[in-house]
1. Given B:18, B:33, B:14, which one is assigned to a helix (DSSP H, G or I), surrounded by fewer than 16 Cβ atoms within 10 Å (Cβ to Cβ) and at pLDDT 80 or above?
2. Report, by residue number, each residue of the stretch C:192-211 that is more than 14 Å from chain A (Cβ to nearest Cβ) and either in a helix (DSSP H, G or I) or within 13 Å of residue C:162 (Cβ to Cβ) (or both).
3. Output yes when any residue across the stretch C:310-319 is touching a strand residue (DSSP E or B) at 6+ places or on another chain (Cβ under 9 Å), buried (at least 20 other Cβ atoms within 10 Å of the Cβ) and not in a loop (DSSP other than H, G, I, E, B), and no when none is.
4. Consider residue A:76 against the criteria (1) touching a helix residue (DSSP H, G or I) at 6+ places or on another chain (Cβ under 6 Å); (2) on the phi < 0 side of the Ramachandran plot: it satisfies all of them except one. Which criterion is unmet?
5. Step by step: first the residues of the stretch C:83-107, then only those that are farther than 19 Å from residue C:174 by Cα and at pLDDT 90 or above, then the one that is nearest to the chain's Cα centre (by Cα). Which residue is that?
6. Quick check on this structure: which one of B:198, B:165, B:202, B:184 is crowded, with 17+ Cβ neighbours inside 10 Å and either in contact with a strand residue (DSSP E or B) (Cβ under 8 Å, 6 or more places away or on another chain) or part of a helix (DSSP H, G or I) (or both)?
7. Is it true that some residue in the stretch B:171-179 is away from every other protein chain (no Cβ under 14 Å), under 30 Å from residue A:196 (Cα atoms), touching a helix residue (DSSP H, G or I) at 6+ places or on another chain (Cβ under 9 Å) and part of a helix (DSSP H, G or I)?
8. Kindly establish whether residue C:89 is in contact (Cβ under 8 Å) with a residue 60 or more places away in the chain and touching a strand residue (DSSP E or B) at 6+ places or on another chain (Cβ under 6 Å).
């Protein structure tokens with residue numbers, strides 16, 4: 001008899017996020033008048049994330065890949081609890097976060113932490129490092145024992161010398177600041193980390209150090225990751241599973257080896273073909289045509305069809321569903337469904 | 001792996017700021033001028049040759065004496081006397097007290113109220129923000145003098161009422177600046193991190209947002225002090241400001257105005273110079289503050 | 001035949017209150033006609049300043065203090081500004097990471113491009129417009145006539161960069177310096193631009209110096225590569241030779257930091273420590289504080305050791321013993 005699968009640590013069900021330009025009273029008045037006159041104006045809505053389902057099991061590293069406008073950062077923020085979804089549910093260990101009472105909601109929020117992209121903007125420039133790292137655990141009463149010892153332990157775990165707790169962020173390099181951010185996240189004892197392009201702004205050699213740190217922390221603290229990046233090489237190295245997004249929708253997801261060996265969706269194929277690799281010498285860069293469409297006016301049907309070399313009639317009309325084409329491998333393309 | 005060599009000694013943001021500030025000679029001059037003026041104002045009772053409000057010491061026969069003259073009792077009138085026989089220099093020192101006190105006091109109070117409102121408007125948004133910002137717009141669309149005059153006409157003269165009028169006129173600048181600054185900072189990642197760490201809204205606004213919105217507010221505050229002093233001088237000049245018993249520089253200038261053309265220039269002139277020095281000094285400091293604090297915001 | 005560009009012993013120093021920063025220190029390399037040379041390094045390596053020095057855009061407190069910059073055989077290192085201006089845009093062009101450093105946001109594209117053409121040649125506006133249109137076509141911008149009348153903000157980031165490259169190409173320069181032009185762009189857009197640029201170098205014979213931190217881009221695009229660290233070139237050679245058999249430990253470390261060479265899930269070898277502060281460089285070989293192979297001799301300045309023709313390194317303990 002098989003034991004039932006535990007609920008995934010984080011699950012997104014039909015999650016969407018829409019951004020609408022907030023209309024001031026004058027604009028609202030104009031709209032009402034136009035509506036009354038029979039020429040209604042559609043408010044400008046950006047569907048940053050469009051009905052996404054995603055589940056991350058405990059201990060997994062899920063890589064979230066996509067280019068500008070794909071919605072990966074917005075998705076990350078919804079997972080971390082910083083941005084509420086417009087539709088759908090965010091479930092933490094099987095429970096809808098929106099339905100929790102304030103104390104439980106706060107617990108859930110603390111358990112999911114985020115590492116940000118910009119090491120220069122993600123630390124409060126007016127606070128000393130010790131305060132940056134120690135404020136939240138102190139406020140939430142997570143510290144047992146002396147405050148300084150706790151903060152020092154967090155810094156050491158992130159690879160920083162505790163002697164520098166009295167310093168300010170501007171006195172550190174980019175890589176060190178990123179470590180401070182990691183220490184701050186770890187200080188509240190999370191079990192899930194959302195890394196939003198956490199290494200994109202770092203030099204290559206520092207990037208490698210931080211990636212190693214992520215891998216070490218995963219083992220030591222049994223962490224689960226949602227690793228958001230545009231860098232396929234990094235995602236391939238770190239992740240168990242990869243999810244690829246395009247203009248707010250998931251177009252493909254599969255275990256890492258599967259995605260890189262047998263990409264199914266034309267966008268994934270193009271992405272993999274175009275990524276520069278250190279072993280691909282003096283290659284002929286062949287690029288897919290066209291620009292990434294503006295999220296304000298995404299193409300109808302499959303968002304990718306204007307740039308897809310295999311597009312046919314159905315693609316511009318019907319949104320392809322995310323179908324399972326192999327065990328654990330899902331792709332949203334009409335080519336699989338002929 | 002540990003950090004390699006960093007700044008050699010405790011490099012607080014304050015030390016960095018002071019070093020940056022001192023790079024402009026003019027700004028240092030401004031600080032000197034402000035310090036002199038402040039010193040005169042604070043220590044007026046001790047450094048004045050005469051207490052100009054002690055009626056017992058006055059002799060109206062000493063009125064309108066030119067600078068350099070000496071009273072029969074041996075008190076030097078370095079800058080002459082006014083029409084009541086009061087020593088100009090002492091009058092200026094005491095006048096500075098009033099002017100600076102009213103100016104700085106009103107700027108501070110307006111600053112606290114206006115900044116708090118601006119920050120709340122930016123962070124909370126929605127209808128609260130709309131209401132506050134419409135009030136700001138309303139306030140700023142009227143000329144300050146007009147508003148002050150209306151308030152004083154309604155409430156009557158007196159230092160307290162003058163300060164109230166100045167606060168009513170000034171708070172809107174702070175609110176607007178604070179809101180603008182807070183809107184920019186609100187989207188920054190360290191604020192998002194604070195939200196992710198489940199910190200309370202109040203803590204985020206006052207512990208994280210406010211200190212980082214402070215630089216432009218300090219700059220605004222500096223210029224507001226100068227404006228307040230000038231505005232108060234104007235009001236007093238028009239006779240609607242502080243009472244005659246506690247003359248500010250503006251009132252002193254007003255008193256001597258009638259004598260300007262008959263050769264007794266010193267009664268208006270020297271208080272005018274004192275006012276000029278004060279405002280120029282404050283503006284020089286404010287200019288450099290703005291330049292120094294600005295690049296920081298870009299980080 | 002003289003190469004398009006030959007840099008010999010270039011040094012650019014910045015003098016500040018805190019001391020002298022040797023941003024570029026004794027840099028030498030050569031680029032032939034139609035070749036692509038990659039200048040690779042992390043932040044603080046001096047790669048951008050090298051590019052600015054070549055085109056004469058280093059502002060005080062920086063100054064080229066030593067060396068020669070031979071452009072088609074002629075030393076332009078200390079040329080007076082009016083002479084440099086004749087070269088800039090006409091024979092040597094530069095493309096920056098942010099296309100808005102090239103484009104004026106308040107002017108239409110055609111205005112800017114026509115101005116760029118007429119700055120170096122007396123041609124009619126109509127002829128200049130035709131040239132601009134062709135240049136836009138060359139970089140793969142669709143409906144160029146329409147696009148000419150647009151403003152920069154109406155283009156996406158990738159398009160803007162193409163326009164910047166088109167402007168660089170207006171006079172068919174012999175040399176183009178590109179400073180991280182695709183770093184801020186998406187992968188698919190980057191690929192498009194790399195494809196265009198590659199074709200252009202091939203067809204027009206333009207020599208290209210591509211400054212970047214991304215080794216993978218260099219692997220695909222460049223013929224030769226020079227790796228910079230703390231202002232010096234620590235290794236140079238053909239792309240295949242350097243990437244497959246690095247001689248300098250820093251190069252090896254850099255290659256080891258890229259995930260694709262390490263099996264999935266394993267720790268990346270990388271490089272321990274941090275780049276030293278430019279004001280406080282270690283004496284001798286700047287890399288020695290992070291190098292496992294450092295010995296006492298590394299406290300003296302390593303000279304450039306030639307390996308084969310076109311290959312050199314600055315290391316007392318290179319990784320592979322070089323055959324005599």
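1. Values: B:33 fails: surrounded by fewer than 16 Cβ atoms within 10 Å (Cβ to Cβ); B:14 fails: at pLDDT 80 or above.
Every option except B:18 fails the conditions.
2. Taking the stretch C:192-211 and keeping what is more than 14 Å from chain A (Cβ to nearest Cβ), we get C:204-207, C:209, C:211.
C:204 - this is the single residue of the stretch C:192-211 that is more than 14 Å from chain A (Cβ to nearest Cβ) and either in a helix (DSSP H, G or I) or within 13 Å of residue C:162 (Cβ to Cβ) (or both).
3. yes
4. Unmet for residue A:76, out of (1) touching a helix residue (DSSP H, G or I) at 6+ places or on another chain (Cβ under 6 Å); (2) on the phi < 0 side of the Ramachandran plot: (1).
5. C:103
6. Values: B:198 fails: either in contact with a strand residue (DSSP E or B) (Cβ under 8 Å, 6 or more places away or on another chain) or part of a helix (DSSP H, G or I) (or both); B:202 fails: crowded, with 17+ Cβ neighbours inside 10 Å; B:184 fails: crowded, with 17+ Cβ neighbours inside 10 Å.
From the options B:198, B:165, B:202, B:184, the qualifying one is B:165.
7. Of the stretch B:171-179, the ones away from every other protein chain (no Cβ under 14 Å) are B:171-179.
Then keep just the ones that are under 30 Å from residue A:196 (Cα atoms); that gives B:178-179.
Pick out the ones that are also touching a helix residue (DSSP H, G or I) at 6+ places or on another chain (Cβ under 9 Å) and you get B:178-179.
This time we only want the ones that are part of a helix (DSSP H, G or I), so: B:178-179.
Yes, the stretch B:171-179 contains at least one residue that is away from every other protein chain (no Cβ under 14 Å), under 30 Å from residue A:196 (Cα atoms), touching a helix residue (DSSP H, G or I) at 6+ places or on another chain (Cβ under 9 Å) and part of a helix (DSSP H, G or I).
8. On the way: in contact (Cβ under 8 Å) with a residue 60 or more places away in the chain: yes; touching a strand residue (DSSP E or B) at 6+ places or on another chain (Cβ under 6 Å): no.
Taking the combined requirement at face value, the residue does not satisfy it.
The values are calculated or read from the model by the stated rules, or taken from the named source; none is laboratory data. Every value quoted in this text rests on a predicted model; they were computed, and no experiment measured them. Neighbour counts are summed over all protein chains in view; Cβ atoms, including those assigned to glycine, are modelled from backbone coordinates with ideal geometry.
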